[in-house]
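Participant: Can you read through this structure? Questions will come right after.
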Amino acid sequence: MNCSFCLGVFDILSHKKSSGASMFKDERKPTGVFDLMGGRKAFGALDINGRRSSLSLFDDQAFPPVPQGYEYLLGRLHNGECATLVDCVLTATQGRGRKKFSASLFPNIIVVGSRHLQKETACVIELVVGFSDVNSVFYDFDAFGAVIDPAPFAPLLRKDKAHIRPLDVGDNPIVGYFSGKFEIATVQCSLAEIKARHHVSETMGGPAGWALRNKIMVALRFECALALDEAIRRLYSLIRFFELIIGRKQALLTVDVRLDEQPEHEAPLRVFISHAPRRIGSKENKHESPGPNDVLLCTARGVENYMEVVRKYFAIDAERADARIRLGGNIRRSSYSVDRIIAAANMFDILPDSAYPAPVRLSNELEEARSNARKLFKSVPPSLERDSMLNALGRMGDLSLKRKTLSRMLSCGIDQYFPGLDLVLQEAVNCRNHYVHGSAGRIDYADNFRAVVFLTDALEFVFGVSDLIDCGWNYEAWAAGSPQADHPFGAFRLGYKDNYNFFKECINK
């Protein structure tokens, strides 16, 4: 690496048209020197900008177009910090003149802090995250407030400042407070120890005023150190759970990581995931975060129930994750389509057998008939039709998709609150079969797409509610709070009567 060349590049990059400020003063656009394969070093300009993140490398030697040589890079930034770039993709290489070469990379994960992170080493002991609607779940109403009658506090205020100078307290001082209880809820589960805490900061005060600010953060403390990719996988599982509880997509606002070798006084490393869930779109930004009565689970309604649901949810998450991920994908969508109702119905097929009652036992007559039919079809030459019939015979007694949806509805007792829900679910499966197999339904789905939306919502509602009730969630307690339409399940509940009447009109046409 030619130092004079790099200094020249740095001089060009470090000037902005508006202010002339150097780039390393911008936390999101630091510069530094990065280690490449073969012991080579190159000057780099890093741009931390979500899906548009990039690393631009510059040197007086050509950059080999070998993608695997740039997957994992370590850098020393000019502000003194270390940068670790994980799963980088080489997007371009260029040469300008005889000794002016550059390369562009897209880093999937960027870690910045006091030390480097080893990609495949089990070194991550804790993740601390902030996400969009965290306050809605951990609604600690009494944590902050203002004193209604400040008069008794006037002597305390004078005493507190007496060692500095006498404090002139007026007749109506304003006294604000934080309760001092930093921890909101801690639960130990198979995923990690999940702890929600207040992170409070305050200004010193002066003629411009005084401010007390707070961020609620959620920490995942692992039983043993994990590799970065496994730690992030568990983080995404947690975010998927909160998206179900909150009812909409969550943006990861901050992610910090602590390594097992870091002393407690050392600041955690900052993690930037380029493809992390982005900030909520402009349409949703017009609405405030859901209230504590709208979200399905809130510590304000009882920390113990929150802890119970979290423990049980992640105890069975490994076997139910495939189906739950599909529900999460549907919740994050802002529109309805044929693909969405197919995915909603298929969630019930993907659930493990443990979520359903034992298969129906065939009568002796049916068993004999199946045995004779199997012998008959096996005696003919192989064909698609023969194999299809043998597969169908093998499934006799298994739960059909309709039986599965009805079983989940009955298992949680939700049908008592929604008259006719069994008919809705059966037609929802008919709708799915129409778009998958071409079979006829009882409704012209193309001309009555409002009915398709209702059928989709019914499948998602029954799946999500029954899953949470399996984990100890109290539907009655949530419904007693009169939740509104800020959560999709609240919207389904409020609109069920009107939508069911429309559905019946479509059936009777």
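The values are calculated or read from the model by the stated rules, or taken from the named source; none is laboratory data. Worth saying up front: this structure is predicted, and the values here are computed from it rather than measured. A quick note on method: Cβ atoms are made from the backbone with ideal geometry, for glycine too, and the neighbour counts reach across all protein chains shown. Heavy atoms of the whole protein, side chains included, go into the accessibility calculation; ligands, DNA and RNA do not. Shrake-Rupley method; radii C 1.70, N 1.55, O 1.52, S 1.80 Å.
Participant: Measuring from label point to label point, each 7 Å out along Cα→Cβ, what is the Val380 to Ala479 span in nm?
Facilitator: Distance between the two pseudo-spin positions: 5.0 nm.
Participant: Grab the other residues whose beta carbon is less than 15 angstrom from that of Pro152, score K and R as +1, D and E as -1, and report the net.
Facilitator: -1
Participant: Over the chain, with every protein chain in place, what whole percent of the accessible area is carbon and sulfur at 1.4 Å, could you tell me?
Facilitator: The computed percentage sits at 52.
Participant: On to the next question. What is the Cα convex hull volume of the chain when expressed per residue in Å³?
Facilitator: Convex hull volume per residue, Cα atoms: 258 Å³.
Participant: In nm, to one decimal, how far is the modelled label at Glu365 from the one at Gln416, with both set 7 Å along Cα→Cβ?
Facilitator: Reported label-point gap for Glu365 and Gln416 is 3.6 nm.
Participant: Rolling a 1.4 Å sphere over the protein heavy atoms, what is the accessible area per residue of segment 425-493, to the nearest Å²?
Facilitator: 36
Participant: Give the dimensionless ratio obtained when the Cα radius of gyration of segment 109-170 is divided by 2.2 N^0.38 Å.
Facilitator: Here the answer is 2.16, to two decimals.
Participant: List the DSSP H helices in the chain whose Cα atoms stretch 30 Å or more along the helix axis and whose mean Kyte-Doolittle hydropathy is at least 0.5. Don't skip to the end; give the middle numbers.
Facilitator: Working: long enough: 449-470 (32 Å, 1.23).
Helices meeting the criterion: 449-470.
Participant: Near Ile184, within a Cβ-to-Cβ distance under 9 Å, what is the net charge of the other residues, with Lys and Arg +1 and Asp and Glu -1? If you can, show how the numbers build up before the last one.
Facilitator: Numbers: positive: Lys181, Lys195, Arg197; negative: Asp140, Glu183.
Charge balance in the 9 Å sphere: +1.
Participant: Using a Förster distance of 30 Å, how high is the FRET efficiency between Ala62 and Ala122, based on the Cβ-Cβ distance and rounded to 0.05?
Facilitator: 0.25
Participant: Continuing with this model, one more query. Regarding segment 178-328, what are the three Cα extents along the principal axes, ordered largest first, in Å?
Facilitator: 58, 42, 35
Participant: Follow-up question, since we're still on this one. Once you have the Cα-Cα distance between Arg51 and Thr186, take 0.36 nm times their residue separation minus that, and quote the gain in nm to one decimal.
Facilitator: Full extension of this stretch gives 45.3 nm more.
Participant: How large is the convex hull of the Cα atoms of segment 395-502 per residue, expressed in Å³ as a whole number?
Facilitator: 115
Participant: Restricting attention to segment 145-181, which trypsin sites (Lys or Arg not before Pro) occupy a DSSP loop and are surrounded by at most 15 other Cβ atoms within 10 Å?
Facilitator: Within segment 145-181, the qualifying trypsin sites (Lys or Arg not before Pro) (loop, at most 15 other Cβ atoms within 10 Å) are Lys181.
Participant: Grab the other residues whose beta carbon is less than 10 angstrom from that of Ser201, score K and R as +1, D and E as -1, and report the net. Intermediate values should be presented prior to the final figure.
Facilitator: On the way: positive: Arg213, Lys215; negative: Glu202.
Combined, the nearby Lys, Arg, Asp and Glu give +1.
Participant: A follow-up question, please. Could you work out the pair-distance distribution P(r) of segment 320-389 from its alpha-carbon pairs, with 10 angstrom bin width and percents rounded to whole numbers?
Facilitator: Answer for segment 320-389: a P(r) of 16, 25, 24, 25, 10, 0 percent.
Participant: In addition: Just list whichever of Lys404/Lys497; Lys378/Lys402; Lys41/Lys99 have alpha carbons separated by over 20 Å in the model shown.
Facilitator: On the way: Lys404/Lys497 24 Å; Lys378/Lys402 29 Å; Lys41/Lys99 15 Å.
Distance filter (> 20 Å) returns Lys404/Lys497; Lys378/Lys402.
Participant: Considering the Cα trace of segment 72-135, what is its radius of gyration and what is Dmax, both in angstroms?
Facilitator: 16.1, 57
Participant: What FRET efficiency comes out for the pair Ala154/Arg332, r = Cβ-Cβ distance, R0 = 56 Å, nearest 0.05?
Facilitator: My answer for the efficiency is 0.60.
Participant: Oh, and also: Long-range amide H contacts for Ser132: which residues qualify at under 5 Å (H placed 1.01 Å from N, peptide plane, sequence gap of 5 or more or a different chain)?
Facilitator: So Ser132 has HN proximity to Ala251, Leu253.
Participant: Separate question: Of the chain, which part is the longest with no GluC sites (Glu not before Pro) in a loop (DSSP not H, G, I, E, B) and with at most 14 other C-beta atoms within 10 angstrom?
Facilitator: Answer - 289-509.
Participant: Can you compute the FRET efficiency between Asp353 and Ser439 using 1/(1 + (r/R0)^6), with r the Cβ-Cβ distance and R0 = 25 Å? Round to the nearest 0.05.
Facilitator: Given R0 = 25 Å and the Cβ-Cβ separation, E is 0.50.
Participant: What number, rounded to the nearest 500 deg cm²/dmol, is the helix-based mean residue ellipticity at 222 nm of the chain, given -39500 (n - 2.57) per DSSP H run of at least four residues and division by all its residues?
Facilitator: That calculation yields -12000 deg cm²/dmol at 222 nm.
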